[in-house]
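Read through the structure below, which is laid out as structure tokens, and then see the notes.
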Amino acid sequence: MSKYLNNVHSPRDIHSLDITQMQALAKEVRQIIINTVAKNGGHLAPNLGVVELTLAIHHVFNSPADRIVWDVGHQSYVHKLLTGRFNEFATLRQFGGISGFPRPCESAHDAFGTGHSSTSISAALGMAIARDLKKGSYSVIAVIGDGAMTGGMAFEALNHAGHLKKDLIVILNDNEMSIAHNVGAMSGYLSRLRTDPMYSRGKEEIEQLLRKMPIGPTLLRLGEKLKDSLKYLVVPGMIFEELGFFYLGPVDGHDIKAVVTVLQRARSIKGPVLVHVITKKGKGYRPAEDNPDQYHGVGPFNVTNGKIIKSSSAPSYTEIFGNTMIRLAAKKSKLLAITAAMQGGTGLTKFAKIYPERFFDVGIAEQHGVTLAAGLAAGSYHPVVAIYSTFLQRAYDQILHDICLQNLPVTFAIDRAGIVGDDGPTHHGLFDFSFLRPIPNLILMAPKDENELQHMITTAVDHPGPAAVRYPRGAGLGVTIDEDLKLLPIGQAEVLREGSDLTLLAVGSMVSWAEEIAKLLLKSGLKATVINARFIKPLDEDRILKYATRTGRLFTLEEHVLQGGFGSAVLELLSSHGIKGVIMHRFGIPDSFVEHGNHSLLMEKYGLSVGQLVRRIIEICGSKKQLIKLKVVSD
């Protein structure tokens, strides 16, 4: 099955292959990716679209001497297969296996770690500057998707690179999509480049025409400025050349010979070059070609029919959020929804169809999306900004300065909070408590289950200032969903169980764990109070202080880093009130970046499984007899 791939141990093994052999290799690579992602889950459609492009890159350039930066890194599976990781590829995104994104610590061929979009050109330009400072001569290549080009950071880098005139190759992988279909003027511009033959032929044809004219050679000798002026009369909007790049393309990204030829030419040109490559997302696997957004990041599926294998019948938190938005929009005419190229991922696809004039996809531009929300709120509307926790980090200044400082009514729906599993450290949502909690005017909530989520969204939308609700990835707990939407009292926690020996103060996904822990502790004779905090800010100060002093032992539980998190807020509360004599322990993620892997395995790695927490609590409470009795607990 893998006649050629078995013999590819490094990119050097591709240099000697001819076009026919590379085409055969492309088929093998495509099949390996399909089979592996079907089992492990992962980013299928983006990688199927770059098979030939990646082969051509490694045929022309010499990694790792030449630096290749992938943007976004989820299109790097082919690169991994061609750079000595074929034998490990079955472990893709598995605990202890290879990452689904480039990681320099994993391979010297991964020049730069990329999990968030629009960063490649900046990083590659930095590498090019470093090369020149060291008097080096290697190539630096940034491979950026057209979806990532909707991010403003990409244009900041293009502008700077054009100004510096460094030798730099930017390969624009244009498949008309980021995760969902692209939006905005840049998408329309690229579409015109793809479809209008004048865009691709005009530059060369003008020069040929001038040479044939009687005065053509004289005109050409007048210099590049005149030639460019004439060129723009016929080829409008050559934005990349205006930014200082030599533009090559568009070229068919699935024609290996054509891509090799254009990359060889790009390598020989001095200064910054942009190579525009057209690819098809999901190429070679019909289900992914027909539904590239569905198969962008996908769980395990049946290879034969493409059907995705669901692990739970319970609705996901994302689905509940989307349904709640539709219900609220029917009652609130000024409710709007904003997302950053994640319409499906944030559960807003149905909302967008029902209320198209009230839905805004800003592309991969979180900063713009948040300040857009601020402007809408200043115009008397209430926007809900739905962004993954890991991506909301990119808009921190806008949250603080543009929304919270002005106390504007904007709701943040923060999806994928906590450990998100196989996508790893670039995607875990483990820092939002810490970076949001210090901001004045912001209310911060986390639901114990999918039913409470709908009530928190309702509460946030009703609130006249900024509010945020963070919730986990994947299926809910399968609880009954209330028919009526309710308002929760701001800053009021919920006591779920009364106990006299200790207090378990949990937030978000850890509330259900706290309830299970309490049941197991009871078997050892320890009676625990269980409190669903609900609010990270403001805290229910009276209730927390009451139970902390009553039981004398307080344990906080959060699926979040400990530094600056929920437990830290509770510590601050006890300190500010001068509470003494209370034994307090915080359970959460230590000061480290969490690897990729199954959620339960990662929780166990950091001592946060139910069994581990029960044992630690009993040890802290000082009863060895109780620990011996607790035979029912297992890790």
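The table below lists the values:
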quantity	calculated
Helices (runs of 4 or more DSSP H) wholly inside region 295-412 containing at least 2 residues that are in contact (Cβ under 8 Å) with a residue 24 or more places away in the chain and either crowded, with 22+ Cβ neighbours inside 10 Å or in the same structural domain as Ala45 (by TED's automatic domain parsing) (or both)	317-331, 366-378, 389-392
Selection count where residues are under 15 Å from Arg437 (Cβ atoms) and touching a Gly at 6+ places or on another chain (Cβ under 6 Å), scope region 516-539	2
Residue in region 473-495 that is of a type outside the set (Asp, Glu), free of Cβ contacts under 8 Å to residues at least 24 places away in the same chain and outside the structural domain of Ser380 (by TED's automatic domain parsing) present	yes
Scope region 62-100; condition aromatic (Phe, Trp, Tyr) and touching an Asp or Glu at 6+ places or on another chain (Cβ under 9 Å); matching residues	Trp70, Phe95
All positions within region 535-564 that are within 37 Å of the chain's Cα centre (by Cα) and assigned to a loop (DSSP other than H, G, I, E, B)	Pro538, Leu539, Asp540, Leu562, Gln563, Gly564
Unique residue being crowded, with 16+ Cβ neighbours inside 10 Å and of a type in the set (Val, Ile, Thr) when the list is Ile589, Ile583	Ile589
Residue that is surrounded by the most Cβ atoms within 10 Å (Cβ to Cβ), among those in region 56-90 that are touching a residue at least 40 places away in the same chain (Cβ under 8 Å) and among the polar types (S, T, N, Q)	Gln75
Criterion: assigned by TED's automatic domain parsing to the domain that holds Val143 and in contact with a Ser or Thr (Cβ under 7 Å, 6 or more places away or on another chain) - qualifying residue of His276, His254	His254
Pair list, Cβ under 6 Å, 6 or more apart: region 126-142 residue within 19 Å of Leu274 (Cα to Cα), other residue among the charged types (D, E, K, R) and in a loop (DSSP other than H, G, I, E, B)	Ala128/Lys166; Tyr138/Asp66; Ser139/Asp66
Test: residue in region 350-357 that is among the β-branched types (Val, Ile, Thr), out of contact with any Leu (no Cβ under 8 Å at 6 or more places or on another chain), at pLDDT below 95 and more than 25 Å from Thr390 (Cα to Cα)	no
Any helices (runs of 4 or more DSSP H) falling wholly within region 204-284 and containing at least 1 residues that are at pLDDT 95 or above	256-268
Any helices (runs of 4 or more DSSP H) falling wholly within region 70-185 and containing at least 1 residues that are over 18 Å from Ile57 (Cα atoms), among the small types (Gly, Ala, Ser) and in contact with a helix residue (DSSP H, G or I) (Cβ under 9 Å, 6 or more places away or on another chain)	120-133, 152-164
Hits in region 492-512 (condition: surrounded by fewer than 20 Cβ atoms within 10 Å (Cβ to Cβ) and either touching a helix residue (DSSP H, G or I) at 6+ places or on another chain (Cβ under 8 Å) or among the hydrophobic types (A, V, I, L, M, F, W, C) (or both))	Gln492, Val495, Leu496, Arg497, Gly499, Ser500, Asp501
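The values are calculated or read from the model by the stated rules, or taken from the named source; none is laboratory data. Since the structure is predicted, the reported quantities are computational estimates derived from the model, not experimental observations. Cβ sites come from the backbone with ideal geometry, for glycine too, and all protein chains shown count toward neighbours.
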